[in-house]
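Participant: Structure incoming, see below.
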Amino acid sequence: MYRYSEFDHQFVRQRAAQFRDQLTRHLAGTLSADDFGHMRRQNGWYVQRHAPMARVAIPYGTLSSTQMRALARIARNHDRGYGHFTTRTNIQFNWIPLERAADVMDELAEVGMHGIQTCGNCIRNITADAFAGIARDEVADPRPFCEIMRQWSSLHPEFAALPRKFKIAVNGALEDRAATAWYDVGLQLRRNEAGELGFQVRVGGGMGRTPMIGSVIREFLPWPQLLAYLEAVLRVYNEFGRRDNIWKARIKVIVKAFGAEFTHKVEEEFAAILGNDGDGVAPLISEAELARVAAHFETPKGVADQAASTSVVASLDESPAYRRWRQRNVHPHRLAGHCAVTLSLKRPGQAPGDTTDRQMDAAAELADHFSAGELRVTHQQNLVLPWVREADLHRLWLEARESSFATPNVGLLTDMICCPGGDVCSLANARSIPVSAHIAERFDDLDELHDIGDISLNISGCINSCGHHHSGHIGVLGVDKDGEEWYQVTLGGTDGAGGHGPAAPGRVLGPAFRDSEIPDVIESLIETYLARRQGAGERFIDTFRRLGVEPFRAAANRARRDVAEPALVE
């Protein structure tokens, strides 16, 4: 994994010192709330419904055990003892007093972490496949390119005040596990007929009020030209993006409005940038620079040594619990005798993605003992240990159970994606965590969950779609209806992974439901699927596509109640 250079460390420490000075002046009354608000947002600090919220960047989802322990200390000493891992592989702390914000920045800087560009109209934290560098279906490792883009985009003067926030995702495998079609820019590594490495470039994906799948504007871009092409895209966006309407400011709006003309403008700008190459202006990636960065992502030495001589030791434990865990939470690896393991953050009594300080410390210990000190944060709000020996699996399972990391539900209904919602977020129309809890209570039988099989359920508390409800096989969206919390349900969305077909937004079932109706609605949808699937092998999404929306709409409406009942959300 990438280790910060002395320049990197100096950069984040100076930024933390700068923020401390800004905070001191604000608390002393010499820096206005408006002026300080702009400065704190540049460092990932929001003011939410009840308290400040800090969003910490985890570039392409990779964490060291040292960094995880630092996050645990921040949760323990400055927050309420937990943090929330998001769909974009960041972590958020929702209860840190503003007076302690500079202390938190200093503690993050000591382990090479920060909140720079996790907020504001700039290039946000770049995401990638959680199995990058270890997946069997990988064309090329996307992490070196992610790191090069991180360094290029950090405080880029031309792109610090874009019309709206800008998100980039990169995938290096045949299966798109980075949901690239849903991003402002989605980059898919591929090889052309000559075997040369490059990128398919999508632009204009996004969720929000109008979900859109990104359009392919380049089928093959040679990798050295990546930064130059991104610069061309961003320049066109900066020039033509809407600044008069926040709801029409994302790049997806001009991609749709301009059509083919958008691609023409990007290619024209790209040619102009490459034309400056003789002056040393064009930001081309050299072989030497790629090799320098890629060296950080080589297989850890201890793991490489083990791979050469690993012999798998079969466990004598054949219990149903262990078999289920191996089936759901253990993933194939490119190295013989190794696997990747998901530490599930979906357990009863805890919100999806939430992790306590003790669990963070425990995850760091597991990473040190079993995974060369490295962890990954997934798009699905779980953690992954990427370097596990198959011979250690049973011991890992026993230790993971002690910290409630071994729930064998990866890819199942209760492996829900869920934003924090109205419990903390000032933008939310409704609370999402209690709804997820009531659904989890309804489906608490593992036998039933495994019979239902692969299905994604995503919940957002508002149209900003932090819970990615548009891409869920079942999506739940909180809406405000005359000052009350209601929930809209969509069906048939996908993020492009899992063999579920290309990325697509779900279809709205109809009018919104009361919060008290949602568990019954979900149960009715599942019952319809189980009754009408063609054999146990047909997945929910396949049954939905075969039957269409009408049988499911009718099932959902049967759960609608004519009289108001006490709210489940309290």
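The values are calculated or read from the model by the stated rules, or taken from the named source; none is laboratory data. Source: prediction; values computed, not measured. Note that each Cβ is placed from the backbone with ideal geometry, even for glycine, and that neighbours are counted across all protein chains shown.
Listed here are the residues, each with its yes/no results for (1) out of contact with any Pro (no Cβ under 8 Å at 6 or more places or on another chain); (2) surrounded by 17 or more Cβ atoms within 10 Å (Cβ to Cβ).
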position: Ser5; (1), (2): yes, no
position: Arg49; (1), (2): yes, no
position: Thr62; (1), (2): yes, yes
position: Met68; (1), (2): yes, yes
position: Leu71; (1), (2): yes, yes
position: Ile74; (1), (2): yes, yes
position: Gln92; (1), (2): no, yes
position: Val104; (1), (2): yes, yes
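Participant: Out of the residues in segment 514-558 that are assigned to a helix (DSSP H, G or I) and among the basic types (Lys, Arg), state the one that is farthest from Gly498 (Cα to Cα).
Facilitator: So the first thing to find is which residues in segment 514-558 are assigned to a helix (DSSP H, G or I), and the list is 515-532, 540-547, 550-558.
Still in the list and also among the basic types (Lys, Arg): 532, 545-546, 553, 558.
Details: Arg532: 22, Arg545: 16, Arg546: 18, Arg553: 25, Arg558: 31 Å.
Restricting to residues being assigned to a helix (DSSP H, G or I) and among the basic types (Lys, Arg), the top hit is Arg558.
Participant: Also, I was wondering about something else. Restricting to segment 200-220, what's the tally of residues that are polar (S, T, N, Q), assigned to a strand (DSSP E or B) and touching a residue at least 24 places away in the same chain (Cβ under 8 Å)? I'd like the intermediate steps shown before the answer.
Facilitator: Restricting attention to segment 200-220, the residues satisfying the condition of being polar (S, T, N, Q) are 200, 210, 215.
Within this subset, residues satisfying the condition of being assigned to a strand (DSSP E or B) are 200, 215.
Keeping just the survivors that are touching a residue at least 24 places away in the same chain (Cβ under 8 Å) gives 215.
Total satisfying the criteria: 1.
Participant: Check whether at least one residue in segment 82-96 is part of a loop (DSSP other than H, G, I, E, B) and more than 20 Å from the chain's Cα centre (by Cα), and report yes or no.
Facilitator: First, pick out the residues of segment 82-96 that are part of a loop (DSSP other than H, G, I, E, B): 86-90, 94-96.
Checking the rest, the ones that are also more than 20 Å from the chain's Cα centre (by Cα) come to 95-96.
Scanning segment 82-96, I find at least one residue that is part of a loop (DSSP other than H, G, I, E, B) and more than 20 Å from the chain's Cα centre (by Cα), so the answer is yes.
Participant: Criterion first (outside any loop (DSSP other than H, G, I, E, B) and either under 27 Å from Cys418 (Cβ atoms) or within 18 Å of the chain's Cα centre (by Cα) (or both)) does His114 satisfy it?
Facilitator: Values: outside any loop (DSSP other than H, G, I, E, B): no; either under 27 Å from Cys418 (Cβ atoms) or within 18 Å of the chain's Cα centre (by Cα) (or both): yes.
Answer is no for this residue.
Conditions (1) in a strand (DSSP E or B); (2) crowded, with 24+ Cβ neighbours inside 10 Å; (3) of a type in the set (A, V, I, L, M, F, W, C); (4) modelled with pLDDT under 95, marked per residue:
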{"site": "Thr342", "(1), (2), (3), (4)": "yes, yes, no, no"}
{"site": "Leu345", "(1), (2), (3), (4)": "no, yes, yes, no"}
{"site": "Met360", "(1), (2), (3), (4)": "no, yes, yes, no"}
{"site": "Leu375", "(1), (2), (3), (4)": "yes, yes, yes, no"}
{"site": "Gln380", "(1), (2), (3), (4)": "no, yes, no, no"}
{"site": "Pro386", "(1), (2), (3), (4)": "yes, yes, no, no"}
{"site": "His394", "(1), (2), (3), (4)": "no, no, no, no"}
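Participant: Would you tally the residues in segment 415-434 being surrounded by fewer than 22 Cβ atoms within 10 Å (Cβ to Cβ) and either hydrophobic (A, V, I, L, M, F, W, C) or closer than 28 Å to Leu393 by Cβ (or both)?
Facilitator: Within segment 415-434, residues that are surrounded by fewer than 22 Cβ atoms within 10 Å (Cβ to Cβ) and either hydrophobic (A, V, I, L, M, F, W, C) or closer than 28 Å to Leu393 by Cβ (or both) number 2.
Participant: If Val236 satisfies all but one of (1) crowded, with 20+ Cβ neighbours inside 10 Å; (2) farther than 19 Å from Ala169 by Cβ; (3) in contact with a Gly (Cβ under 6 Å, 6 or more places away or on another chain), what's the number of the condition it fails?
Facilitator: Against the list (1) crowded, with 20+ Cβ neighbours inside 10 Å; (2) farther than 19 Å from Ala169 by Cβ; (3) in contact with a Gly (Cβ under 6 Å, 6 or more places away or on another chain), Val236 comes up short only on (3).
Participant: If Asp482 passes every condition in (1) modelled with pLDDT of 95 or more; (2) surrounded by fewer than 20 Cβ atoms within 10 Å (Cβ to Cβ) but one, which one does it miss?
Facilitator: Of the numbered conditions (1) modelled with pLDDT of 95 or more; (2) surrounded by fewer than 20 Cβ atoms within 10 Å (Cβ to Cβ), the odd one out for Asp482 is (1).
Participant: Would you mind stating whether Ala406 is among the small types (Gly, Ala, Ser), touching a residue at least 60 places away in the same chain (Cβ under 8 Å), more than 26 Å from His78 (Cβ to Cβ) and buried (at least 20 other Cβ atoms within 10 Å of the Cβ)? Before the answer, list the steps.
Facilitator: On the way: among the small types (Gly, Ala, Ser): yes; touching a residue at least 60 places away in the same chain (Cβ under 8 Å): yes; more than 26 Å from His78 (Cβ to Cβ): yes; buried (at least 20 other Cβ atoms within 10 Å of the Cβ): yes.
Spelling it out, Ala406 is indeed among the small types (Gly, Ala, Ser), touching a residue at least 60 places away in the same chain (Cβ under 8 Å), more than 26 Å from His78 (Cβ to Cβ) and buried (at least 20 other Cβ atoms within 10 Å of the Cβ).
Participant: Let me ask you something else. Considering segment 52-74 alone, what residues qualify as being under 23 Å from Met39 (Cα atoms) and either over 20 Å from the mean Cα position of the chain (by Cα) or not in a loop (DSSP other than H, G, I, E, B) (or both)? Outline the logic, then answer.
Facilitator: Step one: filter segment 52-74 for residues under 23 Å from Met39 (Cα atoms), giving 52-59, 71, 74.
Those that are under 23 Å from Met39 (Cα atoms) and either over 20 Å from the mean Cα position of the chain (by Cα) or not in a loop (DSSP other than H, G, I, E, B) (or both): Pro52, Met53, Ala54, Arg55, Val56, Pro59, Leu71, Ile74.
Participant: Yes or no: Phe131 buried (at least 22 other Cβ atoms within 10 Å of the Cβ), of a type outside the set (Gly, Ala, Ser) and under 17 Å from the mean Cα position of the chain (by Cα)? Working first, answer last.
Facilitator: Details: buried (at least 22 other Cβ atoms within 10 Å of the Cβ): yes; of a type outside the set (Gly, Ala, Ser): yes; under 17 Å from the mean Cα position of the chain (by Cα): yes.
Yes: the conditions hold for Phe131.
Participant: Of the residues that sit in segment 158-174 and are not in a loop (DSSP other than H, G, I, E, B) and not hydrophobic (A, V, I, L, M, F, W, C), which one is surrounded by the most Cβ atoms within 10 Å (Cβ to Cβ)?
Facilitator: Taking segment 158-174 first, the residues not in a loop (DSSP other than H, G, I, E, B) are 158-159, 166, 168-171, 173.
The next check asks that each one be not hydrophobic (A, V, I, L, M, F, W, C); those that pass are 158, 171.
Details: Glu158: 10, Asn171: 29.
The extreme case among them is Asn171.
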